[in-house]
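The structure appears below as structure tokens.
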Amino acid sequence: MRPNLKPNNKKKLINDPVYGFITIPDELIFDIIQHPYFQRLRRISQLGLTNLVYPGALHTRFHHVLGAMHLMNLAINTIRRKGHEITPEEEQAVLLAILLHDIGHGPFSHSLEYDIVKGVTHEQISGFFIQELSKKLDGKLDLTLLIFNNKHPKKFLHQLVSSQLDMDRLDYLNRDSFYTGVSEGIIGSDRLIEMLNVKDGNLVLEEKGIYSAEKFIVARRIMYWQVYLHKTVTAAEQMLIHIMKRAKEISSRGMVLFASPSLSYFLQNDIQLDDFKNRTETLVHFSKLDDYDILSAIKVWQESDDKVLSFLCKRLINRELFKIEIAKESFSEERIQQEKDIAKQKFEFNDEELEYIIFHRKQTNNAYNKKKEKINILLKNGEIIDIAKASDNLNINALAQPVDKYCLCYPL
């Protein structure tokens with residue numbers, strides 16, 4: 001007979017390269033991490049195709065959400081120490097909310113967010129996953145869902161998950177900086193968390209933390225231009241987007257493409273919000289879709305009979321990326337047509353096919369969006385003002401203005 005084994009210890013330690021040891025605080029959180037829905041995040045890259053520029057950027061959404069949970073734990077301790085009540089149930093629920101906030105990301109994170117499905121954000125899909133997990137666990141995530149959807153009376157709990165200064169942003173800036181080697185993204189997350197407080201039910205930052213917040217906004221702006229919207233990364237991600245658009249187009253015409261069953265489901269159907277609401281199979285298929293489905297398909301599609309799909313896939317797999325030009329003004333129709341004429345002659349594509357080969361788009365960098373929820377500074381006299389007004393750094397007002405740039409991609 002086998003000896004009696006001790007029950008599984010679910011309060012694990014995880015060694016994280018950014019923060020050191022991260023503790024999994026309770027058994028329900030451990031069970032959620034072990035669930036297949038969550039384990040899928042190991043196979044979703046945090047930064048899409050950024051590793052084609054920064055080779056170290058191979059970290060995943062799994063890394064990120066564990067780090068964000070760690071920061072949330074620190075934030076809870078800070079807010080409690082300053083006299084604000086967070087019950088044990090609320091603590092568990094907000095930890096689960098930050099842990100699950102990205103569970104709705106599709107393959108390559110933001111790269112294909114609006115191409116695998118139509119008009120459905122990853123936040124909405126995350127909400128469907130939390131709802132489904134709560135059903136499976138007899139309502140144990142109902143409070144988590146309230147916080148995630150900003151329906152809990154303590155608004156600061158949602159703001160810790162999603163706001164201008166949330167645990168999501170604090171983690172991804174430090175983590176993405178660490179894995180890319182772009183040191184400009186490093187922020188003082190420990191000090192920012194130590195300066196958090198609650199006033200009138202909302203999250204605020206104490207006045208002495210204002211310089212750390214300024215650095216946070218500047219770091220975010222730099223990381224967008226240097227990493228997230230890097231021109232070569234943009235070219236690669238646009239190629240990936242147009243590969244999926246072409247695959248969906250020729251699938252709709254009846255062409256059978258190699259794909260996993262779940263990828264086939266999204267290629268052959270125009271999935272929209274109502275499909276997630278009304279068809280259980282949609283969420284099930286989405287839960288089985290990750291970077292590996294896309295990459296294995298692209299490798300096979302290199303030999304596709306469709307000239308456009310084959311051309312794009314070969315170029316992306318072999319990192320023969322399209323030329324990209326960036327400008328402050330939109331490219332003229334004449335300039336775009338000029339590149340189409342060159343590609344038409346050089347590669348013998350017809351006018352319909354050129355739409356997948358020559359593409360242009362607008363990029364917007366908005367490091368601090370005053371129109372959305374603000375970073376509110378709690379002054380020593382008890383007054384609350386927006387950081388853009390509280391700061392003596394004129395750059396903060398400038399950074400609050402969105403900057404648009406335009407890009408044009410074409411093959412050489």
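Observations, loosely collected:
- Reciprocal of mean inverse Cα separation for region 8-412 (Kirkwood radius, Å): 22.7 Å
- Mean sequence separation of contacting Cα pairs (under 8 Å, at least six apart), scaled by the length of region 8-412, corresponds to a relative contact order of 16 percent.
- Local net charge near Asn77, Cβ-Cβ under 13 Å (Lys/Arg +1, Asp/Glu -1): 0
- For the listed residue pairs Lys307/Lys344; Lys245/Lys314; Lys215/Lys405; Lys307/Lys346; Lys11/Lys215; Lys245/Lys344, the alpha carbons are over 25 angstrom apart in Lys11/Lys215.
- Dipole of region 8-412 computed with +1 at Lys/Arg Cβ and -1 at Asp/Glu Cβ about the Cα centre; of Tyr410, Phe266, Asn202, farthest Cα towards the positive end is Asn202.
- Considering only His64, His152, His35, the Gaussian network model of the chain with Cα springs below 10 Å gives its largest mean-square fluctuation to His35.
- Charged side chains reduced to their Cβ positions (Lys and Arg at +1, Asp and Glu at -1) give the chain a dipole of some 720 debye around its Cα centre.
- Above-threshold pairs, the threshold being 29 Å between Cα atoms, out of Lys12/Lys380; Lys299/Lys323; Lys155/Lys248; Lys136/Lys299: Lys12/Lys380; Lys155/Lys248; Lys136/Lys299
- Amide H contacts under 5 Å for Lys199, placed H, 5+ residues apart: Val204
- Each of Val94, Val204, Val218, Val65 was scored by other Cβ atoms within 10 Å of its Cβ. Listed from fewest to most, they are Val218, Val204, Val65, Val94.
- Region 284-412: relative contact order as a whole-number percent, Cα under 8 Å and 6+ apart: 32 percent
- Cross-link check: pairs Lys151/Lys362; Lys140/Lys277; Lys154/Lys372 evaluated at a Cα-Cα cut-off of 24 Å; pairs beyond the cut-off: Lys151/Lys362.
- Note on Asp404 and Leu379: their simple-model spin labels are 3.6 nm apart, each label 7 Å out from Cα toward Cβ.
- For region 309-372, the fraction of C-alpha pairs more than 20 angstrom apart is 43%.
- Summed side-chain charge close to Ala343 - residues other than Ala343 whose Cβ falls under 12 Å, Lys, Arg +1, Asp, Glu -1: -2
- In region 111-217, the convex hull through the Cα atoms has an average projected area of 8.9 nm², a quarter of its surface area.
- Per-residue ellipticity at 222 nm from helix content only, as computed over the chain with -39500 (n - 2.57) for each DSSP H run of at least four residues, stands at -14500 deg cm²/dmol.
- The Rg/Rh ratio for region 26-87 is 1.14, where Rg is the radius of gyration of the alpha carbons and Rh is the Kirkwood radius.
- Evaluated at q = 0.10, 0.11, 0.24 Å⁻¹: base-10 log I(q)/I(0), Debye formula over Cα of region 278-389: -0.61, -0.69, -1.27
Each reported figure results from applying straightforward, stated rules to the coordinates on display, with no laboratory input. Keep in mind that what you see is a predicted model, and the values were worked out from it rather than measured. As a convention, Cβ positions derive from the backbone with ideal geometry for all residues, glycine included, and neighbour counts pool all protein chains shown.
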